[in-house]
1. Consider N143 carefully, then state whether it is within 23 Å of M36 (Cβ to Cβ) and out of contact with any Phe, Trp or Tyr (no Cβ under 6 Å at 6 or more places or on another chain).
2. May I ask you to list the residues in the stretch 54-88 that are without any contact (Cβ under 8 Å) to a residue 60 or more places away in the chain, closer than 12 Å to A44 by Cβ and not polar (S, T, N, Q)?
3. Can you say whether K77 is farther than 27 Å from F16 by Cβ and either within 20 Å of the chain's Cα centre (by Cα) or not β-branched (V, I, T) (or both), as far as the supplied structure shows?
4. Looking only at the stretch 1-20, count how many residues are among the polar types (S, T, N, Q) and either closer than 18 Å to E76 by Cβ or at pLDDT 90 or above (or both).
5. Going by the structure shown, is E86 assigned to a helix (DSSP H, G or I) and charged (D, E, K, R)?
6. Give the residue, chosen from T3, T66, T48, that is under 22 Å from L137 (Cα atoms) and of a type outside the set (A, V, I, L, M, F, W, C).
7. Can you confirm whether the stretch 11-30 contains a residue that is part of a loop (DSSP other than H, G, I, E, B) and within 20 Å of H107 (Cα to Cα)?
Amino acid sequence: MSTAKKVINELLVEVFNHILSIEGSKLKERGVKISMNEMHVLEAIQKTDYPAMSNIARRLRVTVGTLTTSVNRLVEKGYATRKREEEDKRKVIISLTNKAREALKIHEEFHEEMLDALFEDMNLAEDEVLLQSLENLSEYFKNKY
């Protein structure tokens, strides 16, 4: 692997891990007792127009079985509810509780604070090359995976 590839790989992994670690700590400080994986499931539920298990699983790119494990934990912890659809009993619809909405608000606030700090400390708004590169990177991952 070339030096540039090694550096980029290390930086991507390091940034990703730092964000997850810091956000996890911030959530715990605010009394949210769920994992980052569970937080991302809540976010997927919130962003899915019709939050049936299969639609949420597709959005997260996981199997329905894998999602079921996370949803079970979220239901136990009081962050989500499940209900069978009236017309088709095979479909399970997931809903967020007020507790989940509050956790998502904290999650969103963290991201806002993180981005505000980045823009302030690193003058990102002025760095068009970096912004375009990040946009290209995001598109690459969306299209490839």
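1. No.
2. Selection gives I56, A57, R58, R59, L60, V62, L67, V71, L74, A80.
3. For K77, the condition - farther than 27 Å from F16 by Cβ and either within 20 Å of the chain's Cα centre (by Cα) or not β-branched (V, I, T) (or both) - is not met.
4. Going through the stretch 1-20 one residue at a time, the tally reaches 1.
5. Taking the combined requirement at face value, the residue does not satisfy it.
6. After ruling out the rest, the residue left standing is T3.
7. yes
So that you can scan it fast, the table gives a plain yes or no per residue for (1) out of contact with any Leu (no Cβ under 8 Å at 6 or more places or on another chain); (2) buried (at least 17 other Cβ atoms within 10 Å of the Cβ):
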site: V41; (1), (2): no, yes
site: Q46; (1), (2): no, no
site: G65; (1), (2): yes, no
site: S70; (1), (2): yes, yes
site: K83; (1), (2): yes, no
site: V92; (1), (2): yes, yes
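The values are calculated or read from the model by the stated rules, or taken from the named source; none is laboratory data. None of the values given here were measured: they were computed from a predicted structure. Positions of Cβ are generated from backbone atoms using ideal geometry, with glycine treated the same way; all protein chains shown enter the neighbour counts.
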